1. List His257, His155 from most exposed to least, where exposure is judged by having the fewest other Cβ atoms within 10 Å.
2. Expressed as a rounded percentage, what relative contact order does the stretch 207-349 have, with Cα pairs under 8 Å and six or more residues apart?
3. Any idea what the dipole of the chain comes to, in debye rounded to 20, about its Cα centre with Lys/Arg Cβ at +1 and Asp/Glu Cβ at -1?
4. So which trypsin sites (Lys or Arg not before Pro) in the stretch 74-168 are both in a DSSP loop and have at most 12 other Cβ atoms within 10 Å of their Cβ?
5. Provide the net charge surrounding Ala56, with neighbours chosen by a C-beta distance below 12 Å and charges set as Lys +1, Arg +1, Asp -1, Glu -1.
6. Could you point to the residue in Val206, Val329, Ala399 farthest towards the positive end of the stretch 191-404's charge dipole, with +1 and -1 charges on the Cβ of Lys/Arg and Asp/Glu respectively?
7. Among residues other than Asp210 whose Cβ falls under 15 Å from its Cβ, what is the net charge (Lys/Arg +1, Asp/Glu -1)?
8. Given R₀ = 30 Å, what would the calculated FRET efficiency be for Thr60 paired with Ala144, taking r from the Cβ atoms and rounding to 0.05?
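Rule-based calculations on the coordinates, nothing more; no lab input. Because the structure is a prediction, the values reported are computed rather than measured. Glycine gets a Cβ as well: all are built from the backbone with ideal geometry, and neighbour counts include every protein chain shown.
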Amino acid sequence: MDRTLHGKRVLLIIGGGIAAYKALDLIRRLRERGARVTPILTEGGAQFITPLAVGALTATPVYTELFSREAEQDVGHIRLAREADLILVAPATADRMAQLAGGLAGDLAGAVLLAARAPVLMAPAMNPAMWAHPATRRNAERLAADGVRFVGPEHGEMAESGEAGQGRMSEPLAIVAAVEAALMDADAPLRRLEGRRAVVTSGPTVEPIDPVRYIANRSSGRQGHAVAAALARLGAQVTLVTGPVALPDPAGVTTIHVETACQMLAAVEAALPADLGVFVAAVADWRAAAAAPGKIKKRDGEGPPPLHLVENPDILATIARSAARPRLVIGFAAETDALLSNAQAKLARKGADMIVANDVSGDTMGGARNTVHILTQAGVEDWPELDKAEVAARLAERAADILETER
């Protein structure tokens, strides 16, 4: 289980709009990562989902009224604001954004937002015309200048009107990623990689055999995406080059989506120069010499057609030996046997400064946890089993240690 938000207190303000239904899944996603979620259900939000549904998922009281005698005996809106590690408004309506930009506190949510000391994250949701209106744009700019962070809105079809455009609330997993980034920023006063550029690869590559079949690796992208996010939290300007994964793009990271190894190499080279390269992607070693233009058909009485393979470019070795080589090059070695000896050979063969070795004979490729070993010319360091986000955070700090030695 991913516990990246363990013990964090998230005050969730659920605004009025059809996107409020997504708040129920959002609560579940936050809690499964260890967050404690306290909900404020606005009058508008209660038109779409019920306090009973919200409370059942948070396992806490649902706050709705500013002038509640029970809650306000201890100035409840101040207490709610002070106890939160982060305040999340999802959905954030145009009206809510306007109220906060104007300093209005006409309800419990407004009073809490004005009393907030914790980071505030808004996930806007509204009709595209409302999002594009100059007043809304001014309010968003005012709030951003005041320190409010935003995730979305996305381009998509509106549930209430059938119109399409920018205004759709981000999906729960994308919002969770933004919550994680905001909390990490709040917990990391030292942006040790400020001014540094980093390129990270993640996920599998997909090598076509024909229009419907391909060669790939069993990579979820969790570790690579976590590394990119951790470097960004330390202030690095990060370019993430990722193969196909079912993960949201990390907040604060420039993400480039590719499919094949050749595309990944080209994207990495285009992202150089960089101070740091971290090559986490599970790149397919081989590809079909020539992908068939049409689906290869199985024919009765005939055996399988021959599949001629050629070797893919070695991205780690290519970059480690290039004229534009980053100051620090880190590779990953995923092995099912002879882990350390294979990783040691890879360190010497690829020209990397560091190899992060992990045993993938279990469910590591798709799981949330990892046990890694750090190999350098100085020796081997064994890390305990950790959540992949913690592995990424430690690796980012180690990279900062190394790069700081050249200042």
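1. His155, His257
2. Across the stretch 207-349, relative contact order equals 27 percent.
3. With only Lys, Arg, Asp and Glu charged at Cβ, the dipole is about 360 debye.
4. Passing sites in the stretch 74-168 are Arg117.
5. Counting the neighbours of Ala56, the net charge comes to +2.
6. The residue sitting most towards the positive pole is Val206.
7. Neighbourhood net charge equals +4.
8. Result of the calculation: an efficiency of 0.50.
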